[in-house]
Amino acid sequence: MNKLQPSAIAALEGALRDGMTLAVGGFGLSGIPADLIEAVRDSGVKELTVVSNNMGVDGKGLGILIEAGQVRKVIASYVGENKLFAEQYLAGKLEVEFTPQGTLAERLRAAGAGIPAFYTKTGVGTLVAEGKPHEVFDGETFVQERAIKADVALVHAHTADTDGNLTYRFTARNFNPVVATAAVLTIAEAEVIVSPGELDPNHIVTPGVFVQRLVQATARVKDIEQRTVRQRTVAAGAEALAV
């Protein structure tokens, strides 16, 4: 079944509504579905609950939805790179549910596996565990965490076939595979799109059964949140050889 759509806007048609829960792959600016995020912004949908590892940075990634005032609640593990996010949170304009990073990944994975809840030691004895059921296993206390099932998931893949099978490249693999399985409707953008049968079945990470719509990603410069480089040292004798 060919799932390819002519544009990101077309891929989102009929999928968005005010107050919905949106799960988004990526880690900061790495591996984010930038075209789809921009299409969400342009749709004008509001009161969103956004589930993602973090909210990008000011003016980029999911930060553009914060800028547009379209987000009501965020479920994330890290938000330190977005100043506007912090301002809205401290002003009481934005609800935030902080979740430990591994727990967030497992809550998404659990939804895709049909597991409604699970127990973990992470967060026991902290604010994260307040108000949640606890249980003792083998003499140790665990806290219950609920799976996160989103209405729509947006993911970025490196290569896809038109049946929706996805592969990822390097760190862009981060949260995308678990997000892809954790929604009623999953929409993927891919840098390279090929015909069915061209992907090695052994290399497929997200099977097409999880993906309902697909769009060609726009070629763009991949942003880096903070470029950090070390001082280059000159090896002994190299200066003399360079003269």
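Could you tell me whether segment 3-23 includes any residue that is open to solvent by less than 10 Å² (accessible area, probe 1.4 Å), touching a residue at least 24 places away in the same chain (Cβ under 8 Å), assigned to a loop (DSSP other than H, G, I, E, B) and closer than 22 Å to Arg109 by Cβ?
Yes: segment 3-23 contains one or more residues that are open to solvent by less than 10 Å² (accessible area, probe 1.4 Å), touching a residue at least 24 places away in the same chain (Cβ under 8 Å), assigned to a loop (DSSP other than H, G, I, E, B) and closer than 22 Å to Arg109 by Cβ.
Tell me yes or no: at least one residue of segment 188-195 is assigned to a loop (DSSP other than H, G, I, E, B), more than 18 Å from the chain's Cα centre (by Cα) and under 18 Å from Asn2 (Cα atoms).
Yes, segment 188-195 has at least one match.
When you check Lys73 against the structure, is it in a loop (DSSP other than H, G, I, E, B), touching a residue at least 12 places away in the same chain (Cβ under 8 Å) and open to solvent by 30 Å² or more (accessible area, probe 1.4 Å), yes or no?
No.
Restricting the search to segment 133-176, which residues are over 30 Å from Val194 (Cβ atoms) and outside any loop (DSSP other than H, G, I, E, B)?
His134, Glu135, Val136, Phe137, Glu140, Thr141, Phe142, Val143, Gln144, Glu145, Arg146 - these are the residues of segment 133-176 that are over 30 Å from Val194 (Cβ atoms) and outside any loop (DSSP other than H, G, I, E, B).
Checking Thr49 against (1) more than 14 Å from the chain's Cα centre (by Cα); (2) more than 17 Å from Arg213 (Cβ to Cβ); (3) surrounded by 17 or more Cβ atoms within 10 Å (Cβ to Cβ), which test does it fail?
The one condition Thr49 does not meet is (1).
Among the residues in segment 113-127, are any modelled with pLDDT of 95 or more and in contact with a Leu (Cβ under 6 Å, 6 or more places away or on another chain)?
no
Please verify whether Gly102 is part of a helix (DSSP H, G or I), open to solvent by less than 80 Å² (accessible area, probe 1.4 Å), under 18 Å from Val51 (Cα atoms) and out of contact with any helix residue (DSSP H, G or I) (no Cβ under 9 Å at 6 or more places or on another chain), treating the condition exactly as stated.
When the stated conditions are applied, Gly102 passes them.
Looking at (1) in contact (Cβ under 8 Å) with a residue 60 or more places away in the chain; (2) within 30 Å of Gly131 (Cα to Cα), can you tell me which one Arg173 breaks?
(2)
Among the residues of segment 235-243, is any outside any loop (DSSP other than H, G, I, E, B) and modelled with pLDDT of 95 or more?
no
Kindly indicate whether any position in segment 202-213 is in contact (Cβ under 8 Å) with a residue 60 or more places away in the chain and open to solvent by less than 50 Å² (accessible area, probe 1.4 Å).
Yes - at least one qualifying residue is present in segment 202-213.
Does Ala129 fit the bill of being of a type in the set (Gly, Ala, Ser), surrounded by 13 or more Cβ atoms within 10 Å (Cβ to Cβ), out of contact with any Asp or Glu (no Cβ under 8 Å at 6 or more places or on another chain) and free of Cβ contacts under 8 Å to residues at least 24 places away in the same chain?
Judged against the criteria, Ala129 is a match.
For residues in segment 139-156 being among the small types (Gly, Ala, Ser) and surrounded by fewer than 23 Cβ atoms within 10 Å (Cβ to Cβ), which is nearest to Asp35 (Cα to Cα)?
For segment 139-156, the residue satisfying everything is Ala147.
Pick out the one residue from Leu94, Leu36 that is open to solvent by less than 20 Å² (accessible area, probe 1.4 Å) and either of a type in the set (Ser, Thr, Tyr) or touching a residue at least 60 places away in the same chain (Cβ under 8 Å) (or both).
One residue alone meets the criteria, Leu36.
Hey, can you tell me all the residues within segment 97-126 that are out of contact with any strand residue (DSSP E or B) (no Cβ under 9 Å at 6 or more places or on another chain), touching a residue at least 24 places away in the same chain (Cβ under 8 Å) and small (Gly, Ala, Ser)?
Ala105, Ala113
For segment 40-62, how many residues meet the condition of being closer than 17 Å to Phe27 by Cα, in a loop (DSSP other than H, G, I, E, B) and not charged (D, E, K, R)?
Final tally of qualifying residues: 8.
The values are calculated or read from the model by the stated rules, or taken from the named source; none is laboratory data. Since we're looking at a predicted model, the values are computed, not measured. Virtual Cβ from ideal backbone geometry, glycine too; neighbours counted across all protein chains shown. All accessible areas refer to the heavy atoms of the entire protein, side chains included, with ligands and DNA or RNA removed. Shrake-Rupley method; radii C 1.70, N 1.55, O 1.52, S 1.80 Å.
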